[in-house]
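The values are calculated or read from the model by the stated rules, or taken from the named source; none is laboratory data. Being a predicted model, the structure only gives us computed values, none of them experimental. Glycine also receives a Cβ, built like all others from the backbone with ideal geometry; neighbour counts cover every protein chain displayed.
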Amino acid sequence: MSPNEPANPLGDLLRESRRFPPPESFAARAHVRDRTVWPEGEEARLAWWAARARELRWTKPFGRILDWDPPFAQWFADGELNASVQCLDRHLGTPRAHKAALVFEGEPGDRRTLTYAQLHREVCRAANVLRALGVGRGDRVAIYMPLVPEAVVAMLACARIGAVHTVVFGGFSAKSLADRIVDAEARVVVTADGGWRRGHDVPLKEAADEACALASSHGVEVARMLVVRRTGRACPMQEGRDAWWHDAVAAASPDCEAASLPAEHPLFILYTSGTTGKPKGILHTTGGYMTGVAATARMVFDLKDEDVYWCTADIGWVTGHSYVVYGPLANGATVFVYEGAPDFPAKDRFWSLIAEHRVTIFYTAPTAIRAFMRWGDDLPARHDLSSLRLLGSVGEPINPEAWMWYRRVIGGDRCPVVDTWWQTETGAILISPVPGVTVTKPGSATQALPGIVAAVLDDAGRPVERGSGILAILRPWPSMLRTIWKDPERYRQVYWSRFGPSVYFPGDGAKRDEDGDFWLLGRIDDVLNPAGHRIGTAEVESALVSHPRVAEAAVVGRPHEIKGDAIAAFVLLRGGPPPADAGERARLADALRDHVGDEIGKIARPDDVHFCADLPKTRSGKIMRRLLRDIASGRALGDTTTLADPAVVDALRRQYAAAED
């Protein structure tokens with residue numbers, strides 16, 4: 001590429017020639033074996049979704065499929081059902097009743113198994129407790145828990161009586177919890193004394209108490225709090241408000257009739273970050289959401305009764321809602337749940353768990369995969385991973401080298417890899433390989449799933465058949481968010497104004513290749529503009545990670561008085577720390593710049609290359625590039641409450657300032 005030739009985001013980098021068709025043995029037993037399930041035309045598309053909805057158990061069958069008043073949708077609106085019934089009751093009259101629903105291992109090594117019949121009884125008891133506390137249909141319940149079975153029980157108990165749960169990740173601060181309690185006007189909180197994380201007892205009850213006090217100062221009084229005993233730490237109990245979960249649930253009846261709820265009855269509010277700093281309360285409703293997650297869990301993960309399925313997400317995130325709880329349980333799966341960190345007490349904890357529990361399906365984040373790569377191939381090699389038959393990726397685009405490592409080292413070159421694209425807002429997976437059908441490519445999410453109409457558009461809203469642009473979803477789908485809680489105008493402006501009220505704008509860039517496959521490029525606000533050339537950060541990051549010395553990289557832009565954007569790269573090396581000698585370190589940085597230039601073009605060579613020990617990540621594993629932009633630009637840091645380790649940012653800021661000096 002000439003230095004003056006415009007850079008085409010991922011156009012050069014994604015010259016990906018490797019192809020992996022489904023293994024014949026896998027395809028022969030897959031739920032979906034050919035492309036005839038993809039409906040053609042709008043009428044067939046709606047009929048396809050109606051057929052998926054009718055696979056659920058309805059107390060009142062629906063007649064209407066979609067009511068669409070752009071940008072507001074209602075799916076199956078004249079029908080009634082209950083989400084907990086889909087996950088529990090409909091399995092009770094089958095052999096699944098005595099099959100493991102949840103297999104739990106805590107970080108300290110404690111284990112529990114709940115069959116579907118046992119989980120049903122626990123959910124009914126908890127639902128009766130919530131009713132006794134005055135919780136009714138439409139009331140909001142905040143759940144602030146470690147990843148333990150009681151957290152799943154609490155979610156399903158809310159669903160059973162028609163209460164609306166808002167799950168707040170147990171790593172969030174008291175202020176973050178208070179903000180969500182206030183916005184949702186939650187009058188009941190379910191929490192725990194603490195939770196285990198890397199050997200430490202995280203004090204959740206104390207944070208919940210502080211959050212309730214903050215909420216009270218904003219006019220929202222939490223009337224009751226249920227507390228699960230997890231770590232045994234001492235915690236104050238407020239008389240008249242607080243009760244121990246185990247006491248209340250043990251005394252409750254195991255029989256609780258599930259409420260028959262309209263399909264559009266709210267199921268949950270889940271808060272996600274917003275550009276204004278105020279979290280957005282994403283509202284999902286019962287019928288459409290359950291249709292989407294049940295269908296996609298079966299199709300994408302090819303769930304079988306004999307599978308042991310492990311999604312590593314916490315239920316505080318949408319991945320945990322859709323693919324730890326509602327989707328797998330609706331399919332009668334055995335779901336493995338692990339409380340702790342992947343590197344405690346040793347960096348091979350995940351591989352030992354897969355071997356011990358004979359996990360067959362493993363679904364995790366690219367950030368975790370790149371960390372596993374950095375820790376070395378020898379760790380998974382110590383364990384028998386032969387039980388695995390399918391691997392999944394979720395959370396952000398996965399670079400081809402990480403994809404290949406995942407397939408080769410963890411999957412033994414025999415497991416299909418499904419790289420999935422979706423969001424909190426979409427509720428369910430929209431773009432992904434279907435493992436019994438799709439020819440996969442390292443780094444590509446491949447095709448939209450049946451019933452989903454996706455496209456890449458240019459800035460003017462015109463389709464891009466081959467090349468890069470903005471990802472868009474052209475037709476409504478059942479599991480789509482219904483609104484932003486208490487803010488329909490923000491819903492309209494954020495998601496439905498870019499290309500008009502009928503086209504969903506997810507905020508992600510994408511490329512379509514010669515086969516029509518999708519390559520996700522990350523957020524469009526993560527696009528660099530050096531000297532007038534648009535380059536995706538994912539492009540430069542993937543080029544860096546393709547170098548044999550690089551384990552992980554994050555790329556951001558910083559202001560440059562001549563070029564507009566300068567490219568700053570933060571790099572983690574494989575096999576140990578960077579060279580101590582400044583000259584050797586500079587030569588390695590130059591080698592990485594040259595490598596990016598060779599892969600993409602000279603215009604994409606990073607201006608700054610900083611070697612670091614870690615990257616700032618959220619507790620769900622996503623790299624917080626926003627904070628890296630603040631560091632590189634010399635700005636005051638934005639909100640850091642969702643960081644897994646705030647010390648990482650402080651260290652990077654000092655290192656960056658020293659380099660600038």
| Which residue pairs have Cβ atoms under 7 Å apart, sit 6 or more places apart or on different chains, and have a first residue in region 392-406 that is acidic (Asp, Glu) and a second that is part of a strand (DSSP E or B) and surrounded by fewer than 24 Cβ atoms within 10 Å (Cβ to Cβ)? | 396/522
| message | Could you list, ordered by first residue, the pairs with Cβ atoms under 6 Å in which the first is in region 357-375 and under 15 Å from residue 553 (Cα atoms) and the second is assigned to a helix (DSSP H, G or I), at least 6 apart or interchain? | response | 366/402; 369/402; 369/406; 370/402; 373/405
| said: Here is a list: 182, 202, 227, 220. Which entry is buried (at least 20 other Cβ atoms within 10 Å of the Cβ) and either in contact with a Gly (Cβ under 9 Å, 6 or more places away or on another chain) or over 18 Å from residue 107 (Cα atoms) (or both)? | reply: 227
| request: Select from region 608-633 the residues that are of a type in the set (D, E, K, R), modelled with pLDDT of 80 or more and not in a helix (DSSP H, G or I) and list them in ascending order. | output: 608, 614
| Condition broken by residue 413, with the remaining ones in (1) in contact with a helix residue (DSSP H, G or I) (Cβ under 8 Å, 6 or more places away or on another chain); (2) touching a residue at least 24 places away in the same chain (Cβ under 8 Å) satisfied | (2)
| query | Quick one: which strands (runs of 3 or more DSSP E) sit completely within region 200-245 and have at least 3 residues that are at pLDDT below 95 and more than 17 Å from residue 182 (Cβ to Cβ)? | reply | 200-202
| remark: Residue set 137, 90; condition at pLDDT 95 or above and either among the polar types (S, T, N, Q) or assigned to a loop (DSSP other than H, G, I, E, B) (or both); output residue 137
| Check on residue 491, touching a Ser or Thr at 6+ places or on another chain (Cβ under 9 Å), over 27 Å from residue 540 (Cβ atoms), in a helix (DSSP H, G or I) and of a type in the set (Ser, Thr, Tyr) | yes
| query | Tell me, which residue of region 12-22 that is within 27 Å of the chain's Cα centre (by Cα) and either surrounded by 14 or more Cβ atoms within 10 Å (Cβ to Cβ) or aliphatic (A, V, I, L, M) (or both) is modelled with the lowest pLDDT? | reply | 13
| said: Of everything in region 224-277, what is in contact (Cβ under 8 Å) with a residue 40 or more places away in the chain and of a type in the set (D, E, K, R)? Give them in sequence order. | reply: 224, 230, 233, 255, 264
| said: Based on this model, can you work out whether residue 482 counts as of a type in the set (Lys, Arg) and either touching a Ser or Thr at 6+ places or on another chain (Cβ under 7 Å) or surrounded by 24 or more Cβ atoms within 10 Å (Cβ to Cβ) (or both)? | reply: yes
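This table checks each residue for (1) under 11 Å from residue 215 (Cα atoms); (2) acidic (Asp, Glu); (3) assigned to a loop (DSSP other than H, G, I, E, B).
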position	(1), (2), (3)
172	no, no, yes
177	yes, no, no
180	yes, no, no
186	yes, no, yes
196	no, no, no
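Condition check ((1) under 30 Å from residue 56 (Cα atoms); (2) assigned to a loop (DSSP other than H, G, I, E, B); (3) among the hydroxyl-bearing types (Ser, Thr, Tyr)) across all residues:
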| site | (1), (2), (3) |
| --- | --- |
| 438 | yes, yes, yes |
| 442 | no, yes, no |
| 461 | no, yes, no |
| 471 | no, no, no |
| 481 | yes, yes, no |
| 521 | no, no, no |
| 538 | no, no, no |
| 541 | no, no, no |
| 544 | no, no, no |
| What about residue 418, is it within 19 Å of the chain's Cα centre (by Cα), outside any loop (DSSP other than H, G, I, E, B) and either at pLDDT 95 or above or over 15 Å from residue 394 (Cα atoms) (or both)? | yes
| said: Of the conditions (1) of a type in the set (Val, Ile, Thr); (2) surrounded by fewer than 19 Cβ atoms within 10 Å (Cβ to Cβ); (3) within 27 Å of the chain's Cα centre (by Cα); (4) within 30 Å of residue 122 (Cβ to Cβ), residue 94 satisfies every one except a single condition; which number is it? | reply: (3)
| All but one of (1) buried (at least 22 other Cβ atoms within 10 Å of the Cβ); (2) at pLDDT below 90 hold for residue 598; which doesn't? | (1)
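The rows are residues; the columns are (1) among the aliphatic types (A, V, I, L, M); (2) closer than 21 Å to residue 281 by Cβ.
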| position | (1), (2) |
| --- | --- |
| 159 | yes, yes |
| 177 | yes, yes |
| 195 | no, no |
| 202 | yes, no |
| 207 | yes, yes |
| query | Applying the selection to region 50-79, what residues are touching a Pro at 6+ places or on another chain (Cβ under 7 Å), crowded, with 19+ Cβ neighbours inside 10 Å and in a strand (DSSP E or B)? | reply | 66, 73, 75
| Residues of region 97-130 being farther than 19 Å from residue 304 by Cα, charged (D, E, K, R), in contact (Cβ under 8 Å) with a residue 60 or more places away in the chain and not in a strand (DSSP E or B), which ones? | 107, 121, 122, 125
| query | Would you say residue 154 is modelled with pLDDT of 95 or more, assigned to a helix (DSSP H, G or I) and surrounded by fewer than 20 Cβ atoms within 10 Å (Cβ to Cβ)? | reply | no
| remark: Those residues of region 306-330 that are touching a His at 6+ places or on another chain (Cβ under 9 Å) and assigned to a strand (DSSP E or B) come to a total of 2
